[in-house]
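Visitor: The structure that follows is given in the form of structure tokens.
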Amino acid sequence: MEILIYIIIGIVGLGLGLAASVTIMRKAVLKKSQRVLKEAIAEAEVMKKEKMLQAKEKFIQLKAEHEEYVSEKSKGLIAQENKLKQKEASFSQKAEELQRKQKDLDVIRDNLNSQLEIVNRKQQDLEKTYNLQVEKLEAISGMSSQEAKVQLIETLKSEAKQDAQAYIKDVMDEAKINSNMEAKKLVIQSIQRTATEVALENSVSVFPIENDEIKGRVIGREGRNIRALEAATGVEIIVDDTPEAIILSGFDPVRREIARLSLHKLVTDGRIHPARIEEVVAKTQKQIEQEIIEIGKRTSIDLGIHNLHHELIRLVGRMKYRSSYGQNLLQHSREVANLAATMAAELGLNPKLAKRAGLLHDIGKVPDNEPDLPHAILGMKLAEKYKEKPEICNAIGAHHDETEMNSLISPIIQVCDAISGARPGARREVVESYIKRLNDLEELALSYPGVVKTYAIQAGRELRVIVGSEKVTDKEAEEIAYDLSKKIQTEMTYPGQIKITVIREIRAVSFAK
């Protein structure tokens, strides 16, 4: 029981102690919080005063800036107002000046009107005087003023035409003289700058031998060797009394060269019989074909011509073994190429294009097969086939006037071809037979009725026939050209082709004295 009392007393004491401690702690916390609150209030007052000071300073600064801005704007407005006042004063002065000028102009206008009235009166007086003079002149001359004007105009027209024709004639004569001089100068310069050796070709080759015993071996038993050689090469082999020489005759230079080289190999080897002949000729043909290609390539490189089709290169190489009137065709084509390049450069044209056309202008003379076409047309078709430029194709086809020229390169190639062929000694033909052939050609044309004159030109390649317009009609002129071409084909022998041109023209001539 006492223990329970003690426990209750302990609990009560503990409760009272806790209550006392809580009360003490509450008072301490209250004091502390009051002190903190006072400190916060004091600090807030300080911050409030600082913020108010800052706000006042900012307000004062903004007010000063605003006053400064307002002051500047006021100054600007005052300046603009002054300018406006100055402009207004200036406009007032200008308006006063314009009013004064307007008054002056009114005075001038009044003066001009008065002067114009005086001029009108004088103009009327002049017209009356002019009409009186015209009436007097019409009465004296017996024609009206309109008729006199027409007559005067016709007279002036006639005089103007005569003066113009005389001036045109003088200009044309001067232009012809200058153009002829320039053309001759250009041709002479081209010839001098492109001088080349003349190469003549024959239709026979001479094969030298050491002794005449070889002739018998070449002939063979009962002539079998020589027959086999002629059959394999297509060349006539002449073994006669000519000492230490065998003659190879043929108009195809390639075949003749194959025969010469084959004969050289056979004689050097010593084995000459039909089987060996066929073998050697076959090898020589391959060798010549390869050599032809090499010649074509070397020629194109020497002339600076690139991108030629391989077939055109082969045809260029074949030119070495072809001649025209005794002139080596490759040398002739190289010369034409150089001449054409020189002329084209002098005339401001493309020299490379001209040189290419000059080299290829005679490729129609060396095809593998020879159709019945002029060599210029055939060459043009070959160039078109192997994708040459249209200017080059036209120059090839037109260098003998078989087709119409449509580029500036074409006449240059024609001229250079004529220059190369016309060099002294470049081409060879028996003079007597040449002259006789031309005379026969002209006489044959003169035998037709109505023919006035005939001219054989271009070394006999063209025959121009002039007929009288009063004797021959246009239809009859066409018949003369056709009949003459047929007659020349049947009665004459000539190289290449002959162009017949029948000319019928009417000329009206009058003289101004």
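Visitor: Count, please, the residues in the stretch 384-420 that happen to be under 13 Å from Ile363 (Cα atoms) and either in contact with a Cys (Cβ under 8 Å, 6 or more places away or on another chain) or of a type in the set (A, V, I, L, M) (or both).
Guide: The total comes to 4.
Visitor: Of all residues in the stretch 266-292, count the ones that are buried (at least 16 other Cβ atoms within 10 Å of the Cβ) and either among the aliphatic types (A, V, I, L, M) or in contact with a His (Cβ under 7 Å, 6 or more places away or on another chain) (or both).
Guide: Total satisfying the criteria: 8.
Visitor: Which one of these does Pro411 not meet: (1) in a helix (DSSP H, G or I); (2) farther than 15 Å from Met319 by Cβ; (3) modelled with pLDDT under 80?
Guide: All conditions pass for Pro411, except number (3).
Visitor: Of the residues Ser179, Ser158, which single one is at pLDDT 65 or above and assigned to a helix (DSSP H, G or I)? Walk me through it before giving the result.
Guide: Numbers: Ser179 fails: at pLDDT 65 or above.
One residue alone meets the criteria, Ser158.
Visitor: Turning to a different aspect of this structure: Say we look at the stretch 445-491 and pick out the residues that are assigned to a helix (DSSP H, G or I) and without any contact (Cβ under 8 Å) to a residue 12 or more places away in the chain; which of these is surrounded by the fewest Cβ atoms within 10 Å (Cβ to Cβ)?
Guide: Going residue by residue through the stretch 445-491, those that are assigned to a helix (DSSP H, G or I) are 445-446, 474-491.
Pick out the ones that are also without any contact (Cβ under 8 Å) to a residue 12 or more places away in the chain and you get 446, 475, 479, 482, 486, 489-490.
Numbers: Leu446: 12, Lys475: 8, Glu479: 14, Tyr482: 12, Lys486: 9, Gln489: 11, Thr490: 6.
It comes out as Thr490.
Visitor: Something else now. Against the conditions (1) open to solvent by 20 Å² or more (accessible area, probe 1.4 Å); (2) charged (D, E, K, R); (3) part of a helix (DSSP H, G or I), where does Glu402 fall short? Just the number, please.
Guide: With respect to (1) open to solvent by 20 Å² or more (accessible area, probe 1.4 Å); (2) charged (D, E, K, R); (3) part of a helix (DSSP H, G or I), Glu402 is out only on (3).
Visitor: What pairs can you find where one residue is in the stretch 325-351 and in contact (Cβ under 8 Å) with a residue 60 or more places away in the chain, the other is surrounded by 24 or more Cβ atoms within 10 Å (Cβ to Cβ) and among the acidic types (Asp, Glu), and their Cβ atoms are less than 9 Å apart, with a gap of 6+ or different chains?
Guide: Sorted first by the residue in the stretch 325-351, then by its partner, the pairs are His332/Asp362; Val336/Asp362.
The values are calculated or read from the model by the stated rules, or taken from the named source; none is laboratory data. These numbers come from a predicted model, not from an experiment. Reconstructed Cβ throughout: ideal geometry from the backbone, glycine too, with neighbour counts over all protein chains shown. Accessible surface is based on the protein model in full, side chains and every heavy atom, while ligands, DNA and RNA are left aside. Shrake-Rupley method; radii C 1.70, N 1.55, O 1.52, S 1.80 Å.
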